[in-house]
Amino acid sequence: MNMTDTQFGLGQTIMSTIGIIFIIPGAYLGDKYEAKKTLVFSVLSQTILNLSWPLWVNSFVTYVAWNVVISVVTMAYWGALIKYINNLDGEDSAGSSFTIYYLINGMSGAVGSFIPLVIADKFFNGSVNMIVFVMGIITGLASVLVMIFLDDEKKLAARGIYLKGDEPIQVKHIFYLIKYPGFWMMFFAYGLGVSFYNYISYFNPYLVDVFGMSPSLSSALNIVRQYGVNLVAPIGGYICDKVLKATYKWYILGFGIIAAMYILMTVLFNQNSNVVVVGIYTVLLAGMIMMVYTTLWSVLRELHVPTMVTATLSGIATISERIVGMFVPLIFGRFIDTMEPIKAYNSIFLGMAIIGILAVLNGVWIGIHHKKCLAGLRSFAQMTGMKEAEGQDA
């Protein structure tokens, strides 16, 4: 692509900055327009951009331009998607809906990444142009499937599922939203919960540096931890919806188990431990993480947020992930640079346990809030002064 590593790194920095800038307007637009139309527009636009890649993306400037355009046309995608899934089969089944989504997304993501690589490698000498082009064909198929199988808001309304309130969202509603405790509960829930998913990657060097596992075997286990554990995700949704019947209870139990498992790693294993046993343990922990992580957004039903601002809340809450990403990797990197491997990774795992304990406390906070809302002691309209939300609390 006629681009140096430094230019590539600069490009990633630019993309990250643009992503942050578009979070709030993208979230707002996710509530402003119909969810299905937003999803179709986003996926179809990405298809066109993927297919056009070979025609004009051939330098640093065009690479950045392509990414800027794709950031603009897809900025409302995430908020609209979360809103749609949360109401897909009614809020009582939100946990299962999200876990099934992540299962399908994980498996299709693995296949969708594998096919372009194989085709490009076998027929086009690994050409990046052809990899992106084939990905465009796949997203084009996804566009068709979305248009055919997703119900629009009229059909959802006929089933008693409403994605919008009586009043359209306005910019001023964003300021009401950030005054609501439920927003901050979701903000912390996402920032803490997604950290477990993001930092599963530390298991890979842990197995190599501390136990001497071969890089190839460690990489194979990493694939299992990234994709294979998606198979157990629906178990988390079932526990959430059918057993505990509340996401906040699953937060307390699930994050509590995860925190305990991280602490146990520092107690059970040392340099002399059987590497296979340790490797299996990391897969089990990754599976537990996936069962909780995939239910993160189903807690929206217990935050009692009006549907008219659900996408806005979902989008803005993801800023917490970026804030965590500014500090935690730096701290963990410092551990690795200044300590012996076993001490460094044990410190990292204790850090993850602390994150788990904070997530448990957040679950308790959500539970208290949920019960007060059910008892009529608080509501979105009452706590924010937003008159348009009266009678619309979820």
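The values are calculated or read from the model by the stated rules, or taken from the named source; none is laboratory data. Note that the structure is predicted; figures quoted are calculated from it, not measured. Ideal geometry is used to build each Cβ from the backbone, glycine not excepted, and the neighbour counts take in all protein chains shown.
Values as computed for the structure displayed
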quantity	calculated
Qualifying residue in segment 63-70 (condition: modelled with pLDDT of 90 or more, buried (at least 19 other Cβ atoms within 10 Å of the Cβ), over 30 Å from residue 246 (Cβ atoms) and aromatic (Phe, Trp, Tyr))	yes
Checklist (1) assigned to a helix (DSSP H, G or I); (2) touching a helix residue (DSSP H, G or I) at 6+ places or on another chain (Cβ under 7 Å) applied to residue 52, failing item	(2)
Test: residue in segment 195-215 that is touching a Gly at 6+ places or on another chain (Cβ under 8 Å), in a helix (DSSP H, G or I) and of a type outside the set (Phe, Trp, Tyr)	yes
Near pairs, Cβ below 8 angstrom, 6+ apart or cross-chain, from segment 335-363 (within 30 Å of residue 300 (Cβ to Cβ)) to any residue that is basic (Lys, Arg)	363/249
Boolean, residue 72 is among the β-branched types (Val, Ile, Thr) and in contact with a Gly (Cβ under 6 Å, 6 or more places away or on another chain)	no
Number of the condition not met by residue 284 [criteria: (1) of a type outside the set (Phe, Trp, Tyr); (2) assigned to a helix (DSSP H, G or I); (3) more than 23 Å from the chain's Cα centre (by Cα)]	(3)
Positions within segment 202-221 being modelled with pLDDT under 90 and closer than 16 Å to residue 286 by Cβ, in sequence order	217, 218, 219, 220, 221
Flag for residue 338 being buried (at least 20 other Cβ atoms within 10 Å of the Cβ) and out of contact with any Pro (no Cβ under 6 Å at 6 or more places or on another chain)	no
Residue selected from segment 30-52 under the condition under 19 Å from the mean Cα position of the chain (by Cα) and farther than 22 Å from residue 136 by Cβ, by the criterion surrounded by the fewest Cβ atoms within 10 Å (Cβ to Cβ)	35
Criterion violated by residue 3 - all others in (1) surrounded by fewer than 16 Cβ atoms within 10 Å (Cβ to Cβ); (2) at pLDDT below 85 satisfied	(1)
Matching option when the condition is at pLDDT 95 or above, surrounded by fewer than 24 Cβ atoms within 10 Å (Cβ to Cβ) and not assigned by TED's automatic domain parsing to the domain that holds residue 83, among 292, 267, 276	267
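Yes/no matrix, rows are residues, columns are (1) assigned to a helix (DSSP H, G or I); (2) at pLDDT 95 or above; (3) of a type in the set (Asp, Glu); (4) exposed (fewer than 14 other Cβ atoms within 10 Å of the Cβ):
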{"site": "352", "(1), (2), (3), (4)": "yes, yes, no, no"}
{"site": "355", "(1), (2), (3), (4)": "yes, yes, no, no"}
{"site": "360", "(1), (2), (3), (4)": "yes, yes, no, no"}
{"site": "369", "(1), (2), (3), (4)": "yes, yes, no, no"}
{"site": "377", "(1), (2), (3), (4)": "no, no, no, yes"}
{"site": "382", "(1), (2), (3), (4)": "yes, no, no, no"}
{"site": "393", "(1), (2), (3), (4)": "no, no, yes, no"}
